[in-house]
Amino acid sequence: MRTAPAATEHPDSARKRTDWQVIKTLLPFLWPAKDVPESGNIRMRVLVAMACIFAAKGAIVLTPLFLQQAIDALSPQDVALIPLFAIVAYGVARFLGLAFAQIRDAVFAKVGVRAVRRSAGAVLAHLHTLSLKFHLDRRTGALTRSIERGMVSIESLVSISLFNVLPTILEVILVGIILWKVFSGWFAAVTVATVLIYVTFTIVTTQWRMKFRRESNNLDNRANTRAVDSLLNYETVKAFGNEALEVSEYDRVMSQYEKAAVRTQASLAILNVGQALIISIGVGVLMIMAAKGKVAGAMTVGDFTAVNVYMLQLAQPLNFFGFVYRNIKQALVDLEKMFELLDVEPEVIDKPGAPALTVAGGEVKFEHVSFGYDARRQILNDVSFTVAPGQMVALVGATGSGKSTIGRLLYRYYDVNAGRISIDGQDIRDVTQDSVRRSIGIVPQDTVLFNDTIRYNLAYAKVGATQDDIDQAARLAHIHDFIKSLPDGYETMVGERGLKLSGGEKQRVAIARVILKGSPILLFDEATSALDTHTEKEIQANLREVSVGRTTLVIAHRLSTIVDADQILVIDKGGIAERGTHAQLITAGGLYASAWAKQQKSMAAAEELAGDEFAIAADAAE
Ligand SMILES: Nc1ncnc2c1ncn2[C@@H]1O[C@H](COP(=O)(O)OP(=O)(O)O)[C@@H](O)[C@H]1O
Ligand SMILES: [Mg+2]
C-alpha cells in the first residue's frame, strides 16, 4: 500500500497529546484566524469578556478599601458626618463586581458554544474523510460518545478556566499589589504564600483522592452490571436455583463499593479540613500583623478589617479549587480523545492537485490487481479484466470469493496492494475520489437507508431532484406502486437503517436511487437477490434498459439473470477461474457449467432458489 504523503508531515500523530498540546489544539477554535461579523465577532467577544473579568475583579478588590474607609470614619467617639461616599462606593463596587461578571458570561457564551460547534464539525468532517476500513474497525457508538464528551469538556474547560481560574489568579495578583501598596510587602507575601500553599495542597490531595473516586465508580458500575445481568438471566438463575449465589455476589461487590465510597467521603473531609486550616492560619497571621500595626499606631481598625476581608474574599473561589482541578483534568482527557480522532490519517487520499476523472465511454480496466483487507490474508490475486464502454460484464462465484471486494476497489473504498484499476485509461488513484464515486452508480449488496422518509432516501441520490424524476426512477425500479399503496406514500418513514422496509423493498429503493443518480458506470452487487424470481425478471428488464449505453458490472447470484452478459467472469479463490460468454462457458464444461446445471435443476424443482448453488457446485468440482 502506498504511504500517505500527509503521514510524514505528522510524525507524532500516533503520540498522545500532553495537556498543554490539547489546550493548544483548542485555542484556534477560541481565537479564530479572522474576525468578521458573520463569524459572530469571536475575537471581539473574547476581548470584551477579558475586559469584564478585569473590571469585575477590579471592583471586587476595591470593596475592602471602601469598607476600611467607612470603618475608620466611624471609629472615633464623636462622629460628625456619615461617611456617605465610602459607603456608597462600597455598595457600587460590590454591585459592579457582580454585574461585570454577568456581562462577561453573556458576552462569552457565544465564544464557548461556537468553539464547541466548530470543533465538533471539524471532527465529523474528518471522520467522513477516513476510509471505510477505519469505520468498519470502530463502533459508531463509541465514536459519537467521544465527540459528545469532547463537546461537553470544551464547555466546562472554557467556563471553568475563564470564570474561575483566570479571575482567581487575577484577584490574587491584584490583592497582592493592593496589600503591598496600601499596607506593606509582608501582607502581600503572606497572602500570596497562603494561596500557593493552599493550591499545592489541594492539587496533591485531589490527585490522591481521585483514585478512590475512580475505584468507587468502577465498583458501582460493576455492581450494577452484575445486578442487571442476573435479572436478564432470570430464567437461568431460577433454573439452576442460584438466587442466593447471585445476591451474595452482588453484595460482595457492593461491600467493596461501600469501602471505596466511605474512603472517598473521608478523603473529602481531609481535603476540606486541610483547606480550612491553611486559610485560617493565613488569616490569623495577617490579623496578628495588622493588630501589631494598630498597637504600634501604624494601622487603623479599618485596615485590620480590610486585611481580614481580603483573605476571606480570596478563600471563596479557592474553595472550589479541588472540584475545578478535577474537572479540568477530566475535561482534558475527554478532549484529548476527541482530538485524537483528528489525528487519524485517512488511508485513501487524493494526490495533491489530482484532477477530476473525465469519463468518455466508461471503460473499466483491472490490471493484475491484488488485494487483501489484512496483510496476512490475500483476497484477490492478480485479477485482470476489461469492461469495454457500454458493455455488461457479470461476476459470479461462491460467497466470500471476493466479488463485492472488486466493487469496493473500483469505488476506491480501498487502494489496491498491487496492480492498477483504471477508468477510461486514468488510474483511479490519480484522480479525485469524489469524481470516481460520482461516475459510478452502485446498488450495494446490503442497502442501508437513512432514518427518514422514502422521498428523502430517493432524492439523496440527486440534490434538487423533482417529483417527476423521483416518480420516473421509482417506476423503473418497480417500487412506485408499492410506495403509493402506503398510507403515507412517499412521506413514509423507513425506520432505523431502513429496517421498516423488507429486503426486497430496500433493494428497489437502492435501484431507484441509482437510476436517479444517472452515472455512466453501473455496479449491481447482487442487486436483486432479495426479490422473488417474478419481480426480479421484471426489474431485470428495466435494469437492462437503464444500463443501455452504460458500462455495467453485475455481481450475480442467480445465473439466469446474466445469461446475456457480454462476458462472464467466474471468481474462485481470489482469481478469475473462467471467462467467456454464457454459451462459451457452458461448452467449456467447467465450474460455471456445473453451477448452471445445478441451478437449472433446482429451478425446475422449486421455481425458487434456496441456497448458494455456486458454493455447492464449486465444492463438487474440487
Ligand atoms: N472489511 C473487511 N475486512 C476483512 N475481511 C473482509 C472485509 N470485507 C470482506 N472481507 C472478506 O473478504 C472475502 C471476500 O468478501 P466479499 O468480496 O464480500 O465476497 P463476495 O464474493 O461474497 O462478495 C470474504 O472472505 C470476507 O470475509
Ligand atoms: Mg458480496
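Derivation of every value follows stated rules applied to the coordinates shown; laboratory data play no part. Quick caveat: nothing in here was measured; it's all calculated off a predicted structure. We place every Cβ from the backbone using ideal geometry, glycine too, and count neighbours over all the protein chains shown.
Listed highest first by mean packing, meaning other Cβ atoms within 10 Å per residue, what order do 234-242, 310-318, 222-230 come in?
For the peptides 234-242, 310-318, 222-230, the packing ranking is 310-318, 222-230, 234-242.
Non-local amide H neighbours of residue 138 (under 5 Å, H modeled in plane, Pro and chain starts lacking H): which ones?
When sequence neighbours closer than 5 places are left aside, there are no close amide H contacts.
Within straight cross-link reach of residue 329, meaning Cα distance under 24 Å, which lysines are found once same-chain residues fewer than 8 apart are removed?
16, 24, 110, 211, 337
Which value in deg cm²/dmol, rounded to the nearest 500, describes the helix-derived mean residue ellipticity at 222 nm for the chain, given -39,500 (n - 2.57) per DSSP H run of n ≥ 4 and division by the residue count?
-20500 deg cm²/dmol
Just to check I understand the Karplus step: with θ = phi - 60° and J = 6.51 cos²θ - 1.76 cosθ + 1.60, what whole-Hz values come out for the range 118-125, glycine and proline as x?
6, 6, 5, x, 4, 5, 4, 4
Using a Förster distance of 30 Å, how high is the FRET efficiency between residue 31 and residue 438, based on the Cβ-Cβ distance and rounded to 0.05? Don't skip to the end; give the middle numbers.
Numbers: r = 37 Å, r/R0 = 1.24.
Computed FRET efficiency for residue 31 and residue 438: 0.20.
What are the residues whose amide H is under 5 Å from the amide H of residue 370, where those residues sit 5 or more places off or on another chain and H is modelled from the backbone?
Correct list: 382, 383, 417, 418, 419.
With labels modelled as points extended 7 Å from the Cα through the Cβ direction, what inter-label distance (nm, one decimal) is found for residue 597 paired with residue 566?
It is 3.1 nm.
How would you classify the range 5-343 from its alpha-carbon gyration tensor, with a ≥ b ≥ c the square roots of the eigenvalues: rounded for a/c under 1.5, else prolate if a/b is greater than b/c, otherwise oblate? Intermediate results must be reported in sequence, preceding the final value.
Values: a/c = 2.85, a/b = 1.57, b/c = 1.82.
Taking the square roots of the gyration eigenvalues as a ≥ b ≥ c, the range 5-343 is oblate.
Rounded, prolate or oblate: which fits the chain, taking a ≥ b ≥ c as square roots of the Cα gyration tensor eigenvalues, rounded meaning a/c under 1.5, else prolate when a/b beats b/c? Could the numbers behind the result be given before it?
Working: a/c = 3.14, a/b = 2.46, b/c = 1.28.
Since a/c reaches 1.5 and a/b is larger than b/c, the shape of the chain is classed as prolate.
What are the ³J(HN,Hα) values, in whole Hz, obtained from phi via the Karplus relation 6.51 cos²θ - 1.76 cosθ + 1.60 with θ = phi - 60°, for each residue of the range 265-270 in sequence order, with x given for Gly and Pro?
Listing the rounded values in order: 5, 5, 5, 5, 4, 4 Hz.
If you add up the charges near residue 129, with Lys and Arg at +1 and Asp and Glu at -1, over every other residue whose beta carbon is less than 12 angstrom from its beta carbon, what do you get?
Here the count lands on -4.
Which aspartates and glutamates, if any, have their Cα less than 12 Å from the Cα of residue 500, not counting same-chain residues under 8 positions apart?
452
Per-residue HN-Hα couplings for the range 529-541, Karplus 6.51 cos²θ - 1.76 cosθ + 1.60 at θ = phi - 60°, whole Hz, x for Gly and Pro?
Karplus-based 3J(HN,Hα) across the range 529-541 equals 5, 8, 9, 6, 4, 5, 4, 4, 4, 5, 5, 3, 4 Hz.
Check the straight Cα-Cα distances from residue 292 and name the lysines below 23 Å, setting aside those fewer than 8 residues away within the same chain.
By straight Cα distance, residue 292 reaches 181.
So for the chain: antiparallel DSSP bridges make up what percent, rounded to the nearest 5? Don't jump to the answer; show the numbers that get you there.
Working: 19 of 37 bridges.
Just about 50 percent of them are antiparallel.
Net charge within 13 Å of residue 236 by Cβ-Cβ distance, Lys/Arg positive one each and Asp/Glu negative one each, not counting residue 236 itself?
Summing Lys and Arg as +1 and Asp and Glu as -1 gives -3.
What is the extension gain from residue 166 to residue 109, computed as 0.36 nm multiplied by their sequence separation minus the C-alpha to C-alpha distance, in nm to one decimal?
Difference between extended and current length: 18.9 nm.
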